[in-house]
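The values are calculated or read from the model by the stated rules, or taken from the named source; none is laboratory data. Note that this is a predicted model, so its numbers are computed, not measured. Backbone-built Cβ (ideal geometry, glycine too); neighbour counts: all protein chains shown. When the accessible area is computed, the model is the full protein with side chains, heavy atoms only, and any ligands, DNA or RNA have been set aside. Shrake-Rupley method; radii C 1.70, N 1.55, O 1.52, S 1.80 Å.
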Amino acid sequence: MTVRGDITQKGYEKKRNKLLAPYIPQTQGVDPSLQVDNRTQLSSQTAPTGSKHNKTRAANTRDERFRSDLHTEAVHAALAKYKERKMPMPSKRRSVLVQSSVEACTPPDTSSASEDEGSLRRACRMVSSTPYQNHPAPNVEHWFNRVIQGSSTSSSASSTSSHPGGRTISAHATAASAVLADLMAQTQIDNHCAPPDVTGLSDRSLHTDRDGPPVASVRGVPRGHNHSSVMETADGVPVNSRVSSKIQQLLNTLKRPKRPPLREFFVDDFEELVDVQQPDPNQPKAQGNYMSPLEGEPMEVVSNWPPSLLTSLQHWGTTQPRSPCLTALDNAGKPVYTLTYGKLWTRSHKLAYTLMNKLSSRNEPLLLPGDRVALVFPNNDPVMFMVAFYGCLLAELVPVPIEVPLTRKDAGSQQIGFLLGSCGVTLALTTDACQKGLPKAPTGEVVTFKGWPRLLWFVTDGKHVVKPPKEWQPTIREASNEMAYIEYKNSKEGTLGITVCYSAMLSHCYAVTQACAYTEAETICNVLDFKREAGLWHGVLISVMNRMHVISIPYSLMKANPLSWIQKVHTYKARVAVVKSRDMHWSLLAQRDQRDFSLSSLRMLIVADGANPWSISSCDAFLHVFQSRGLRPEVICPCASSAEALTVTIRRPPESGIPPPGKAVLSMSGLSYSVIRVDTDEKLSVLTVQDVGQVMPGALVCVVRVEGTPILCQTDEVGEICVSSWSNGIAYYGLPGMTKNIFETIPVTASGSPISHKPFTRTSLLGFIGPDNLVFIVGKMDGLMAVSGRRHNADDVVATALAVEPMKFVYRGRIAVFSVSVLHDERIVVVAEQRPDASEEDSFQWMSRVLQAIDSIHQVGLYCLALVPANTLPKAPLGGIHISETKQRFLDGALHPCNVLMCPHTCVTNLPKPRQKQPEVGPASMIVGNLVAGKRIAQACGRDVTQLEDNDQARKFLYMQDVLQWRAQATPDHPLFLVLNAKGTVSSTASCLQLHKRAERVAMSLIEKGRLNTGDHVALVYPPGIDLIATFYGCLYAGCVPVTVRPPHPQNLATTLPTVKMIVQVSKSVCILTTQAIMKLLKSKEAAAAVDVKSWPLVLDTDDLPRKKSLPMYKPPSPEMLAYLDFSVSTTGILAGVKMSHAATSALCRSIKLQCELYPSRQIAICLDPYCGLGMALWCLCSVYSGHQSILVPPLELETNVSVWLGAVSQYKVRVTFCSYSVMEMCTKGLGSQTEALRLRSVNLSCVRTCMVVAEERPRIALTQSFSKIFKDLGLSPRAVSTTFGCRVNLAVCLQGTSGPDPTTVYLDMRALRHDRVRLVERGSPHSLPLMESGKILPGVKVIIANTETKGPLGDAHLGEVWVSSPHNATGYYTVYGEEALHADHFNTKLSFGDTQTVWARTGYLGFLRRTELTDASGERHDALYVVGSLDETLELRGLRYHPIDIETSVIRCHKSIAECAVFTWTNLLVVVVELSGSEHEALDLVPLVTSVVLEDHYLIVGVVVVVDPGVIPINSRGEKQRMHLRDGFLADQLDPIYVAYNM
């Protein structure tokens, strides 16, 4: 598919053909890509079979049928069964594909198989099993080609056979192909007319040749190609062809209900309860007896065991000084240095003396016994580390080993810093080379890393260390409960420090020595990190107790040569090796080139992460390959350990006469309910685990329930393993609460009695005790994801994802799985690193197959699947992925994925039930109900105009033109208008007489040049200024009807000119008055490209007007005659013109005059567009009526100089000013940081009594508040800012004015609002929405709230439509097609009950009235009107009513790079369009954040997320979003989106 901004007309045809291709019969010349597709699939599914034959088996071998193959097969079978569901592929603008950094294109550190996930652990996922017993054992060469080629779906059948040894595949393929053909044949039957295939996961049956190698069939049979003619939407409505087929597919996917319907429950009026998942009555339950704690064998008492570890060190250092202790290797595998026991003793002795006696500050010793010291040593320098570790112990300091921080932004570095801070670390020990490599500040000191405390760095190399005097000896005490060292651990909670005391350190050494039967001077090969866990225990502590020789293999050497550890075992004849599954896996992949080495010296191969459920596949594969090299099967000893409990269990070496190893094949669905159910190997979703040996000597182990009280588990139940022994850690440093939970657990029996008086330590390992008292581990607490009552293990999900198509699109060890909490449940997120060579379409197919595989095997829906560019996931120090950091980046929107698939529709099953509309209560019962409840009917009115006696001379005149003529005679030189330019200087003025004279000349011109008749409509196309006002009155003088029109924008004719044209046509204007410049523009070549310029009516310019004698002025026969037309584009994108009569015009001016106390001596400043609504009235009408002076600031001037409006307000000391939201926003953004500069230019806003925002929407409270806050420094009173409310039927319903109480703010419950109810809550309560009163109701205006359906009156504080009655209501819509009948009820409606006489106009806005405690100017209690939003804009979703602005507010809040947002619906899908202000690689971060925030706040699932450039969302002159225009642009593919995501 093309990767351009997707839903575009351009790609539509192409895509349509591609989607329909499978339906159109193809005779010959089949698309080759389809053939390959089937072939690949076939080979991948036939390869791993054949194990049907291995019934006989040699006693000492393990089951050859590897767990991994089984899993791959299971996944493929599941995918084959899966009914195909088409998923629309997201679309992306090309530029987003270009990866951001060069680094991203380098192949990632493939090594970094994720540490904690056993890494290779799935290598063998690829290893197909051949029946070794019944065939001559093929050579290793063949085996390896198989490992690499095997079932990796990337190799098609033909490519495999080209490898040496690859031929055997076809031999076993036949059985598989038969099975497969049957399986496929079954799925064929009910799937003959599936929707068009996008995922490429074809279910078509694969015919295979029974004798020869499998041949993929051609996609032949056309399936139901009757679909190809018309696509239908979910409702069965044919889709307009311009709408993208993507959305179509999305609807088709959503059409099939996937989950059982939610159970019925009662929705309380206000509390939309989120559906609580009820437990499945048929779920498996544990049935066994309650377990009893399991004891390890007793600790032997050996006479020569030391009383403390330091005693051993001193003993060996003085009696066996030449004995080798530790050999360090370089990156080429050459031994660099061998530390002897003598050197270890003398060097750590020296360091201890130096630390205790030579470090001081202000003559005080820097360190006191018990102080914590950070050990920062690189992974390839075990010698320096070991010296420093023992040096600290000898000095009675507490070492805290941590990783070397490489940059200031290392993954998890902040958490390590937090740990160091909480441990009170002030000194860090390091090597010279390492210190030189750390980032430095300009002073030359090591920088302070983010979140770290200030540290002194001390280099422990020889020259900095002082030789102690002869008589100085460190004190070596017997092992006690004093703290010995702190080991760090990364967990979901962050980085924790586990304290281990001297006695635990020693007894752990005893226990492991006994369990592993270690003997003095054995050689041990350590591949693990020597700073923590098993690497530290075996390689630094236990080895010293037993005078062993450790060969330390650094991670960097393993990356360069994965076989290095095996070579060292061979060279040094090592008896023991300590490895992780990953190391075994890597050596498997690398061993082909090696011929001569033997592993026969090994008596124990300790697999440190044997507790990882996937280690079994590495162990089995490793044994298979290396058995021929002298590796004995019984040597492999998996062990289980945790940072808190140290070693928990280990499989004993073969000498100790232990039972044979065990293997369990468990049902995954059982495990998800924490129940053990043994399954046969043939079932699809099973987990095969090996035992991790027996309990440690002297330890007591039990298994307890994971949540709640630690009750002992039943024998067939999975729980958390707890250990009580002398060798456990003692605490999390500085976290007493967590310590109590983890280190001091008291397990209880079912009846509640404690099982022992000794506390147990929780190990965070999940498992059970199997036959022969063997312990089995099935997962870790950190990877546990509890989704709607079932538990899933992150590692298992990773394995399933990798089994879909191992290694083809993503890197093996680079997958992170975690859960995030959204809408009261955990949701699973999978993040993988994508290979740079994988195409968009391949990746998308892989993603959709992963979804299906996880759904089939784990029966759980994924919430989000994201692919990120290679090498961009945060790494843990030694490879692997830093899961908690990855999760944090996901939540912060900082992962920068290159592909995202969200599936909220399938996995969010706890949404509240859709609201069923109740039959409406009749209007009469409503009134009675309100009376009974003691509520008044919601109605309110402004002051009565007739009662107000004021010296209003203008009242004598019925017509505005008469008022102007009277003013020109009475006060000819009184200045009415000043127009300011961007510099703040006056560009033009008009006094009463000047305006009158100019209007006369315009009238003359209309009659003489234009030959116009009375009643003709005239379009006035002028920039804001005096010309516009003069021509308006000129039209009235001549008896014509003026229509003010915004002039086209010369740089943007294509979009602005058609609007001008439309207004001119719809208003039936017979003439256009304008300036010469605009006249030229209207007839220019550029204009001709946008509209038909020949069809303009007569165009007159008013630059040079005749100076002839004036004509007699036109007198209208009645004030009900039409004065002017007011055209405006509503927010829903509808052009509506309303008719204003002379009477309404005068009444409007009088109301505003009374409300704002306007007199000739007053000045007001106006920064509004003068083309419609209240803006037009304030510019053209009010000054003439009231005689006050208007300072006019065209909003366009703010683009050149933002401060021009506020500067004018300050300069002229204006008390009343009007602006629009867009002006307020420009000032807030443009001047926010410049208030100090404005103060220096003596801008002072303390004169402002009221600053009103002219709007036709809900007050934007956040904007008005930030405006008030910013300009408070310039003297703006916080009470000054308020809003007005007008609409099409009445241009000014409310307006704050100069007297009366301040506007009030209330907080509504948003959930109640969706049910059309008003429920007031306290500020700050959850789901609260602040709403500000829309100004005071104008004099002469009456307002009532009516039910939208029954048209009956509503009670106080009920949500309904705002109806208004006033002398200045417009008299009707002005439309061409005579649709007045449709809209008649907008202007003259009567209530269906109660006061049925008054004629009301319907505003089309929802709102409510509320009587407040405040008093009006008249002394009455004040009624406040709150406008909630336009009825036309509301979205009906799930039976509830949503206001777009509420959803948009949530979305804008969710990420700093979202500049603007707009929402609309399309065929019941919620579409969210966000403008991205950051860089394009942040685009996909927004998709999960937007989806989650809308779910959390509004209980809605977003259907489509569209990410666009800033400025794409259209906004009208009042600063309101034009959502319908946006919707049309989206459907017509005109947005050029950066990314479009279709949520499944």
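Listed highest first by mean packing, meaning other Cβ atoms within 10 Å per residue, what order do 1464-1474, 706-716, 808-818 come in?
Details: 1464-1474: 21.5, 706-716: 17.2, 808-818: 24.6.
Per-residue mean Cβ counts within 10 Å order the peptides as 808-818, 1464-1474, 706-716.
From a point 7 Å beyond the Cα of N1201 in the direction of its Cβ, which residues of the range 974-996 have a backbone N at a distance under 11 Å?
Of the residues in the range 974-996, 980-987 have backbone N under 11 Å from the label point off N1201.
Which length gain, in nm to one decimal place, applies between V820 and M1121 when the Cα-Cα distance is subtracted from 0.36 nm times their residue separation? Could the numbers behind the result be given before it?
On the way: separation 301, 0.36 × 301 = 108.36 nm, distance 6.51 nm.
Gain on stretching V820 to M1121: 101.8 nm.
For the range 1266-1354, what does the alpha-carbon gyration tensor say about shape, rounded, prolate or oblate, given a ≥ b ≥ c as the root eigenvalues, a/c under 1.5 as rounded, and a/b over b/c as prolate?
oblate
Based on the Cβ-Cβ distance from A970 to D944, what FRET efficiency comes out when R0 is 35 Å, to the nearest 0.05? Kindly include the intermediate steps, with their values, before the conclusion.
Numbers: r = 28 Å, r/R0 = 0.81.
The value I calculate is 0.80.
Order of 758-770, 1441-1453, 635-647 by packing, highest average Cβ count within 10 Å first? Provide the component values of the computation, followed by the final result.
Details: 758-770: 22.2, 1441-1453: 20.6, 635-647: 25.2.
Top of the packing list down: 635-647, 758-770, 1441-1453.
At a 10 angstrom cut-off on C-beta neighbours, averaged per residue, how do the peptides 1423-1429, 304-310 rank from highest to lowest? Working shown, then result.
Numbers: 1423-1429: 23.6, 304-310: 17.4.
Averaged packing, sorted descending, gives the order 1423-1429, 304-310.
For the range 1202-1339, what does the accessible surface come to per residue with a 1.4 Å probe? Please give it in Å². Write down the numbers at each step before the final one.
Details: 4830 Å² over 138 residues.
Value returned for the range 1202-1339: 35 Å² of accessible area per residue.
In whole Å, how far is the Cα centre of the range 1298-1346 from that of the range 1108-1161?
Here the answer is 30 Å between Cα centres.
Measure up K334/K573; K997/K1108; K559/K808; K92/K808; K350/K463 against 18 Å on the Cα-Cα distance and list the ones that go over. Working shown, then result.
Details: K334/K573 16 Å; K997/K1108 11 Å; K559/K808 21 Å; K92/K808 22 Å; K350/K463 11 Å.
K559/K808; K92/K808, as the Cα separations exceed 18 Å there.
With a sphere of radius 9 Å drawn around the Cβ of V400, what net charge do the other residues whose Cβ falls strictly inside it have (Lys, Arg +1; Asp, Glu -1)? Numbers along the way, then the final one.
Numbers: positive: R372; negative: E487.
Charge balance in the 9 Å sphere: 0.
To the nearest 0.05, how large is the calculated FRET efficiency for Q1234 and N363 if R₀ is 56 Å and r is the Cβ-Cβ distance? Walk me through the intermediate numbers first.
Working: r = 53 Å, r/R0 = 0.95.
It comes out at approximately 0.60.
Starting from the Cα gyration tensor of the range 976-1058, take the square roots of the eigenvalues, sort them a ≥ b ≥ c, and report rounded, prolate or oblate (rounded when a/c is under 1.5, otherwise prolate if a/b is larger than b/c, else oblate). The partial results should precede the final answer.
Numbers: a/c = 2.88, a/b = 1.13, b/c = 2.54.
Oblate shape, in that a/c is at least 1.5 and b/c is the bigger or equal ratio.
How much length, in nm to one decimal, is gained on full extension between L1111 and T1298, taken as 0.36 nm per residue of separation minus their Cα-Cα distance?
Numbers: separation 187, 0.36 × 187 = 67.32 nm, distance 4.09 nm.
Extra length from L1111 to T1298 when fully extended: 63.2 nm.
Extent of the range 452-607 along each principal axis, from alpha carbon coordinates, in Å, largest to smallest?
54, 38, 37 Å, listed from the longest principal axis down.
Counting residues in the range 786-843 as N, plug N into 2.2 N^0.38 Å and put the Cα Rg over that result.
Values: Rg = 13.2 Å, N = 58, 2.2 N^0.38 = 10.3 Å.
Normalised Cα radius of gyration, the range 786-843: 1.28.
In nanometres, what is the gap between the two model label sites at T1305 and D772, each 7 Å from Cα along Cα-to-Cβ?
Label-label distance for T1305 and D772, simple model: 7.2 nm.
Rounded, prolate or oblate: which one fits the range 1315-1448, using the alpha carbon gyration tensor with axes a ≥ b ≥ c (rounded when a/c is under 1.5, else prolate when a/b beats b/c, else oblate)?
Numbers: a/c = 1.89, a/b = 1.20, b/c = 1.58.
Note, shape of the range 1315-1448 comes out oblate.
Relative contact order for the range 740-783: what percent, with Cα pairs under 8 Å and sequence separation of 6 or more? Intermediate values should be presented prior to the final figure.
On the way: 51 pairs, mean separation 12.4, N = 44.
After rounding, I find 28 percent.
Please report the carbon-and-sulfur percent of the accessible area for the range 297-411; probe 1.4 Å, protein heavy atoms only, DNA, RNA and ligands left out.
Carbon and sulfur atoms account for 52 percent of the accessible area of the range 297-411.
With label points built 7 Å along Cα→Cβ from the Cα atoms of S1161 and D1432, find their separation and express it in nm.
Roughly 4.5 nm, to one decimal.
Please check which bits of the range 1284-1324 a label hung off K1269 would reach, taking the label as a point 7 Å along Cα-to-C-beta and the cut-off as backbone N under 16 Å.
1324, by backbone N distance to the label point.
I'd like the FRET efficiency for L735 and Q278, computed as 1/(1 + (r/R0)^6) with the beta carbon distance as r and R0 of 45 Å, rounded to 0.05. The partial results should precede the final answer.
On the way: r = 36 Å, r/R0 = 0.81.
The computed FRET efficiency comes out at 0.80.
At what distance in angstrom do the alpha carbon centres of the range 1404-1435 and the range 1506-1537 lie from each other?
Cα centroid to Cα centroid, the span is 31 Å.
Could you do me a favour and compute the accessible area per residue for the range 641-733, 1.4 Å probe, result in Å²?
Details: 2780 Å² over 93 residues.
That works out to 30 Å² for each residue.
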